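Reading through the structure tokens given below for one structure.
The values are calculated or read from the model by the stated rules, or taken from the named source; none is laboratory data. Computed from a predicted structure; not experimentally measured. Please note: Cβ atoms are built from the backbone with ideal geometry, for glycine as well, and neighbour counts cover all protein chains shown.
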Amino acid sequence: MRPEIKSAIVMVVIIAAAIGGLSAYFTSLEAPSSANSDKSAQMQSMDKSKFEKAPELRGIAGYINTDADQLKNQIKGKVVLYDIWTYSCINCQRTLPYITAWNEKYSDKGLVIVGIHSPEFEFEKDINNVKQATEKFGITYPVVLDNDKQIWNAFGNNYWPRKYIADDEGYIRYDHIGEGGYAETEKVIQDLLSERATRLGLNVATAQPLVNIEESRNGARTPELYFGYDFVYGRDQLGNSEGFHPDSDVAYSSPAQLQNDHFYLDGTWKNISDRMSLVSDSGKIKLPYFAKDVNIVASGESDLTVLLDGKPISQQDSGEDVKNGVVHTSESRLYNLVKTKEPGSHTVEILVSKPGFEIYTFTFG
């Protein structure tokens, strides 16, 4: 064969090979990989009949960080975390750093968080109070006011806090009650975002390091204590012999011997369905407890002098709302009274300076 003919044949082969390689390369860019194809096929064949769909959000009394039309568009085709909470609940508050971190981390990857604010107490229905709380806790995602608990009931819920996660087709794929389970919850978020990305052919990196926040919970501690007579069925921990008397003014006198995890009153207090209100010119609340932090949910303007184990509380043990041993209450919210370095057994006393002070609960950390 003549050299020039041989060279021409070799050149044709090289060009053909180059064209074939380029064609295969561009085809690979357009077509999903076999792994992605397999994953997409698995999703299409997934039987979701065992999952319930997230209910429509109805009976909303107000919107924060969104409105009705905007919210519908926000959640359409997205992975949605529904967080049922109320702002004065300490257990809810302890979950918020995780939820706000997830919002910041995944909101541009297809996650929408919707706070379902279902109030425990009457003052939590006030949208201005809820707005102040969302600003305090750095909540920028949509929050809806479920004042009549229509959404709460539609989900069949009985707890604060509770998280439901729905996939981008609206099926509830995860349900968690209370605090904790943060790593598990975030992995579910990542998995559902990955499913959505594969379904839509998106290149979204969802497998990231998990949010790592030090938890402030302690295992053994005094349970939440309620002052409203409607809330104490099966958990009546008022230690006074006078007991509860619905809608009545009761003169209380605390005994010499106090029982752990029970609260005791001095003075005249009006018994109300969800709280007690001081009627006399002054009053006192005593509580032997085991915990690290002591909080109250309270309202009404008053100055509270805090004693710990019979002495004015020290600066070292004072909670965030204590200034020189005194807490000034005005807003309807949670107030932090005691914050010791370690959990332990103590007795806290609250000296109330004027009538009209209202207390709903003790909570502990």
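Within the range 113-135, the only residue that satisfies the criterion of being within 29 Å of LEU192 (Cα to Cα) and assigned to a loop (DSSP other than H, G, I, E, B) is SER118. Tell me whether the range 264-277 contains one or more residues that are surrounded by 19 or more Cβ atoms within 10 Å (Cβ to Cβ) and either among the aromatic types (Phe, Trp, Tyr) or farther than 21 Å from ASN240 by Cβ (or both). Yes. Within the range 99-112, does at least one residue satisfy the condition of being assigned to a strand (DSSP E or B) and farther than 20 Å from LYS131 by Cα? There is at least one residue in the range 99-112 that is assigned to a strand (DSSP E or B) and farther than 20 Å from LYS131 by Cα. Of PHE290, PHE357, all but one fail to be among the aromatic types (Phe, Trp, Tyr), outside the structural domain of TRP160 (by TED's automatic domain parsing) and surrounded by fewer than 16 Cβ atoms within 10 Å (Cβ to Cβ); the exception is PHE290. For the structure I just gave you, tell me whether SER248 is under 15 Å from PHE227 (Cβ atoms), of a type in the set (Ser, Thr, Tyr), modelled with pLDDT of 95 or more and surrounded by fewer than 17 Cβ atoms within 10 Å (Cβ to Cβ). Spelling it out, SER248 is indeed under 15 Å from PHE227 (Cβ atoms), of a type in the set (Ser, Thr, Tyr), modelled with pLDDT of 95 or more and surrounded by fewer than 17 Cβ atoms within 10 Å (Cβ to Cβ).
Residue count for the range 117-175 under the criterion of being farther than 20 Å from LEU71 by Cβ, surrounded by 17 or more Cβ atoms within 10 Å (Cβ to Cβ) and hydroxyl-bearing (Ser, Thr, Tyr): the result is 1.
Residue by residue, here is whether (1) touching an Asp or Glu at 6+ places or on another chain (Cβ under 6 Å); (2) assigned by TED's automatic domain parsing to the domain that holds GLU104; (3) in a helix (DSSP H, G or I) holds:
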{"site": "THR140", "(1), (2), (3)": "no, yes, no"}
{"site": "ASP148", "(1), (2), (3)": "no, yes, no"}
{"site": "TYR159", "(1), (2), (3)": "no, yes, no"}
{"site": "ILE165", "(1), (2), (3)": "no, yes, no"}
{"site": "TYR174", "(1), (2), (3)": "no, yes, no"}
{"site": "GLY180", "(1), (2), (3)": "no, yes, no"}
{"site": "LEU192", "(1), (2), (3)": "yes, yes, yes"}
{"site": "TYR233", "(1), (2), (3)": "no, no, no"}
{"site": "SER241", "(1), (2), (3)": "no, no, no"}
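Tell me whether the range 290-304 contains one or more residues that are closer than 24 Å to PHE137 by Cα and in a loop (DSSP other than H, G, I, E, B). Yes, because at least one residue in the range 290-304 is closer than 24 Å to PHE137 by Cα and in a loop (DSSP other than H, G, I, E, B). Based on what the data block shows, is GLU320 free of Cβ contacts under 8 Å to residues at least 40 places away in the same chain and either more than 17 Å from GLY228 (Cβ to Cβ) or part of a strand (DSSP E or B) (or both)? Criteria met by GLU320.
Mind telling me which of the residues SER280, SER314 ends up being in contact with a Phe, Trp or Tyr (Cβ under 9 Å, 6 or more places away or on another chain), modelled with pLDDT of 95 or more and not in a strand (DSSP E or B)?
Working: SER314 fails: in contact with a Phe, Trp or Tyr (Cβ under 9 Å, 6 or more places away or on another chain).
Going through SER280, SER314 in turn, just one is in contact with a Phe, Trp or Tyr (Cβ under 9 Å, 6 or more places away or on another chain), modelled with pLDDT of 95 or more and not in a strand (DSSP E or B): SER280.
Residues that are in contact (Cβ under 8 Å) with a residue 12 or more places away in the chain, surrounded by fewer than 13 Cβ atoms within 10 Å (Cβ to Cβ), among the hydroxyl-bearing types (Ser, Thr, Tyr) and outside the structural domain of ILE90 (by TED's automatic domain parsing) do occur in the range 325-340, at least one of them.
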